[in-house]
Amino acid sequence: MDITTWQWLLLLGFSTLFIVLAPYAKTVATFFQAQNDTGKQPNMVILTSSLVISWIFAKSITNAANLSLDFGILGGISYGVYYFSFIVAGVIIYQLRVEGGFKSLHHFLQSKYGQGAVYVFSILVGFRLFNEVWSNTMVIGSYFGESGSANYYWSIIVFTGLTLIYTLKGGMSSSILTDAIQMIFFGVLLFIILGIILPKSEFPISDYLASSEWTMATGLNFFFVALIQIFSYPFHDAVLTDRGFLSQPKTTLKAFIAAGFIGFICIVLFSFIGVHAKLIGVEGQAAVEVSKLLGVGLMLMMNFIMITSAASTLDSAFISGSKLLVKDIRLTNTISVSNGRLAMTAFALLGTIPVFLNPTILSATTISGTMVLGLAPIFLFWRKATTPIAFYLSMGVGLILGILLATGTYPTSFVFFDGKYGDLLSSNIIGTVLCFGLFILFSQNAKVKS
């Protein structure tokens with residue numbers, strides 16, 4: 001059999017396994033909150049695994065490898081910084097639950113800023129989840145064929161459909177269970193691949209570690225962007241925040257902190273594949289090109305890593321999208337499993353459309369990260385007495401800057417750094433200063449509600 005046939009068998013076999021293993025959800029608590037029939041919540045190990053693998057998705061490890069191809073090990077470290085978002089979100093969500101008594105981020109926003117703020121926030125969350133669908137399935141397609149080819153599109157359609165089936169079956173319970181299995185697969189396969197690439201490489205490990213020029217133009221721009229965005233980025237990612245309300249607060253906090261460090265380490269390790277591509281002089285998608293040089297067996301392992309990581313995020317995006325529509329903004333008359341399944345199906349179909357429009361994968365992270373800069377003061381200063389206008393002004397700054405970047409109209413006169421991502425870093429610094437400044441300014445005379 002040729003490599004393409006093996007890839008299809010791998011995809012079909014993996015998906016069939018999860019369709020069989022996924023529990024069948026009969027109650028809202030099982031479907032949306034991953035509670036079993038006795039009401040038991042996910043423990044720390046399961047929750048940590050779910051957090052890590054749901055963020056080590058195909059898009060992320062592809063971006064980490066590509067950034068390391070561009071900037072050396074600094075590229076992987078820079079992308080890994082995003083994983084400290086878990087720690088920021090974990091601490092704030094713990095405080096919201098224990099000190100504030102809030103049941104979700106939407107509950108907090110509704111209580112403090114009103115229904116309008118909930119709708120604005122929900123649009124941003126929906127945009128993020130929408131991006132997660134197409135950006136991860138496009139990575140899968142790139143392993144089956146050239147962009148635009150029949151194999152490319154069919155692999156995306158089949159992969160999305162099979163992932164949807166097992167997620168429809170159990171909702172969050174399916175996602176949590178399969179995440180734990182996917183985390184084991186990912187860890188084992190990553191160490192096998194690195195254990196083969198590095199010992200056989202003609203370059204010593206010191207060359208991998210010294211593969212970067214630590215200047216603003218050669219990677220530090222992106223490093224500082226990530227460092228800025230971790231204080232706002234996690235709060236618009238429902239895949240992450242929904243898991244912040246599944247288990248007891250202390251269990252959740254420990255899981256989030258552990259996931260931050262584990263995720264960072266995993267991303268940096270995977271970025272060695274991108275560094276390897278840089279050292280041997282390949283071009284294109286780093287992980288794809290390196291996998292082609294490893295032989296059939298290792299290429300299939302790389303495929304398996306991508307399938308497991310993409311599936312873990314895709315199923316999480318499906319259930320979070322369903323929860324957003326059915327529970328958080330109540331688009332349906334009743335909160336039910338059947339309505340959750342209908343919403344999930346619609347979300348999957350809509351999220352697949354951009355695949356046929358050839359968007360850029362990295363933009364799904366960097367642009368949306370800028371658009372939500374305004375969430376940082378809102379959640380970091382959640383105890384502060386404030387006003388709805390402070391919320392809207394803070395959010396407005398990030399949205400405007402994100403749109404300017406996305407449309408290529410961000411003014412060059414406000415770019416302070418040379419090299420790639422200089423405009424991104426400049427806009428994020430300006431945006432952060434304005435968001436915090438406006439939020440604090442328009443909160444000065446606010447009074448705490450009695």
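Every read-out reported here was derived from the displayed coordinates using simple, explicitly stated rules and does not represent laboratory data. Computed from a predicted structure; not experimentally measured. For neighbour counting, all protein chains shown are included, and Cβ atoms are generated from backbone atoms with ideal geometry for every residue, glycine included.
Details
- Straight-distance candidates among the lysines for linking to K26, with alpha-carbon spacing under 18 Å and chain neighbours fewer than 8 residues away dropped: K40, K169, K323, K327.
- Computing FRET efficiency as 1/(1 + (r/R0)^6) for V433 and T334, where r is the C-beta to C-beta distance and R0 is 35 Å, gives about 0.20.
- Summed side-chain charge close to F222 - residues other than F222 whose Cβ falls under 14 Å, Lys, Arg +1, Asp, Glu -1: -3
- Calculated FRET efficiency for the pair K103/L227, C-beta based, R₀ 30 Å, to 0.05: 0.45
- Under the convention that each Lys and Arg Cβ holds +1 and each Asp and Glu Cβ holds -1, the size of the dipole of the chain around its Cα centre is about 1720 debye.
- A simple rule links phi to the HN-Hα coupling: the Karplus curve 6.51 cos²θ - 1.76 cosθ + 1.60 with θ = phi - 60°, which for segment 115-127 gives 5, x, 5, 4, 5, 4, 4, 5, 4, 5, 4, x, 5 Hz, with x for Gly and Pro.
- Extension gain, I192 back to L293 (0.36 nm per residue minus Cα-Cα distance, nm): 34.8 nm
- Rounded to whole numbers, the Karplus 3J(HN,Hα) couplings from phi for segment 166-178 are 6, 6, 4, 5, x, x, 5, 5, 4, 4, 5, 5, 5 Hz, using 6.51 cos²θ - 1.76 cosθ + 1.60 with θ = phi - 60°, and x at Gly and Pro.
- Extension gain for T27 to L357 (0.36 nm times residue separation, less C-alpha to C-alpha distance): 115.0 nm.
- Site pair D2 and T345 shows an inter-label distance of 3.6 nm when each label is modelled 7 Å from Cα along Cα→Cβ.
- Gain on full extension, evaluated as 0.36 nm per residue between R383 and E213 minus their Cα-Cα distance, stands at 57.0 nm.
- Farthest positive-ward along the chain dipole, Cα basis, beta-carbon charges - from V239, S78, T409: V239
- Charge dipole of the chain about the Cα centre (unit charges at C-beta), most positive-ward option of A286, I184, L393: L393
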